[in-house]
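S.K.: Please read through the structure below; I'll follow up with questions.
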Amino acid sequence: MEEHPFDNDFRVTPQHVEQFQRDGFVKLSGFFNPNVVRTLLNRVEVEMSRAPDNFKSEFSRLKYDFETEKTDIYELIAQPYFRKALTALVQKDLFLTFELCFELEKNVSKGFPWHVGVQSFGYQVADEFGCTIWAALHPVRKSGQRGGMAYVPERVVSGRFIYDQIEPAIISTLEAKEQAGEKTTMDDYFAMRSGILNSPTMGEILKNHQVEDDFEPGDVLVFNKYVVHRSIMLEDGPLPKRAAFVMRFVEDGSHYDLQRARNLEYPAEKYGHKAFTRSHMEIGLPDGALLTDSEYFTDRDKRFVRCDLA
């Protein structure tokens, strides 16, 4: 049988699994072959051309909710090496939810400060597993132009408390202030949302324990949804811009949390904020329903990454 152009001889090692279980993240060198990298670069360029321009303070271009048909992506995640590696690493069966792309402009784009992926996983029950594959599509040199990410081992600081406690408490706090006659603003909302992880004290702790890696095109970072991470500015050097492609996965069998989805919708309803995405509401399920049952996810049978299919 003819080899698929996306196939790869990559194998997850016991050391990869150990690090992922310990730290919540691991770099996989050479996970994508050059054919995949070229395909993703083309895919990202098409999507970036449709990106809104109201988030330029963070990124030169940013795109949630890819519009391009997903044949190439489905073929990629169907590759036996991909399924075997990812399920062995996280020790769970997975379901692809979203693709995203981010582009940093040299010496301009700040990216995101310290955060966890609440926007991308905030519709899911908080203690159910979710993870991200992040692939830089241009070289990242931590001792050179940089432009990658920093991330903190979960054994040092876990962002689980942001999902479990902080995000729900933000809404109840703002509502209590309004009921007491104190007008709140969108700035108040985002100050609370980012303030915990970016306070001076927490910032010092995170900076002292952060990890930053080099990446070649084809290398990926896999990290779970509780890993605290931030963007690193693209500094002086030959690259004018650096693009990254992202895939989000949830554990097969994950459930929709309607209240958490409504919490994400709060700044739009209260302050008229135009968010990156409304997918958390567009999933359109009753509370507690299986995410894999949502008709929002087209071609649902092609989105599964299961070890028994590997």
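S.K.: By count of other Cβ within 10 Å, fewest leading, how are 189, 163 ordered?
M.R.: The order, fewest Cβ neighbours first, is 189, 163.
S.K.: What per residue convex hull volume, in Å³, comes out for segment 51-175 when only alpha-carbon positions are used?
M.R.: 171 Å³
S.K.: Given 5 Å bins starting at zero, what is the percent of C-alpha pairs of segment 132-179 in each, up to the one with the largest pair distance?
M.R.: 5, 14, 13, 14, 13, 13, 10, 9, 5, 3, 0
S.K.: Further, regarding this structure: Arranged by the count of other C-beta atoms within 10 angstrom, fewest first, what order do 201, 13, 39 take?
M.R.: Going from sparsest to densest Cβ surroundings: 201, 13, 39.
S.K.: For the Cα atoms of the chain, what angle does the longest principal axis make with the long axis of helix 80-90, in degrees from 0 to 90, nearest 10?
M.R.: With both axes taken from Cα atoms, the answer is about 40 degrees.
S.K.: Which GluC sites (Glu not before Pro) in segment 263-295 pass both tests, a DSSP loop state and at most 13 other beta-carbon atoms within 10 Å?
M.R.: 295
S.K.: Based on Cβ point charges of +1 for Lys and Arg and -1 for Asp and Glu, what charge dipole magnitude is obtained for segment 14-305 about its Cα centre, in debye rounded to the nearest 20?
M.R.: Dipole size: approximately 660 debye.
S.K.: Loop-only check: which trypsin sites (Lys or Arg not before Pro) in segment 1-30 are DSSP coil with at most 13 other Cβ within 10 angstrom?
M.R.: Here the trypsin sites (Lys or Arg not before Pro) that fit, given the DSSP loop and packing criteria, are 11.
S.K.: Between 15, 259, 145, where does the largest GNM mean-square fluctuation fall for the chain, given springs only between Cα atoms within less than 10 Å?
M.R.: Residue with maximal mean-square fluctuation among 15, 259, 145: 15.
S.K.: Continuing with this model, one more query. Which semi-axis lengths, in whole Å and largest first, follow from the square roots of five times the eigenvalues of the Cα gyration tensor of segment 14-305?
M.R.: Details: eigenvalues 157, 110, 78 Å².
That gives 28, 23, 20 Å for the three semi-axes.
S.K.: Right, next: Taking the Cα centre of the chain as the origin and placing charges on Cβ (Lys, Arg +1; Asp, Glu -1), which of 13, 152, 96 is farthest toward the positive end of the dipole?
M.R.: 152
S.K.: Restricting to DSSP loop positions (anything but H, G, I, E, B) with no more than 11 other Cβ atoms inside 10 Å of their own Cβ, which trypsin sites (Lys or Arg not before Pro) remain in segment 127-204?
M.R.: On the way: sites: 141, 142, 146, 155, 160, 177, 183, 193; in loops: 142, 155, 183.
Qualifying residues, ordered by number: 155, 183.
S.K.: Tally Lys and Arg at +1 and Asp and Glu at -1 over the other residues with C-beta under 14 Å from the C-beta of residue 262: what net charge comes out?
M.R.: Combined, the nearby Lys, Arg, Asp and Glu give -4.
No lab work stands behind these numbers, since they all come straight from the coordinates. Everything numeric in this text was worked out from a predicted model, so none of it was measured. Methodologically, a virtual Cβ is constructed for each residue, glycine included, from the backbone with ideal geometry; neighbour enumeration extends over all protein chains shown.
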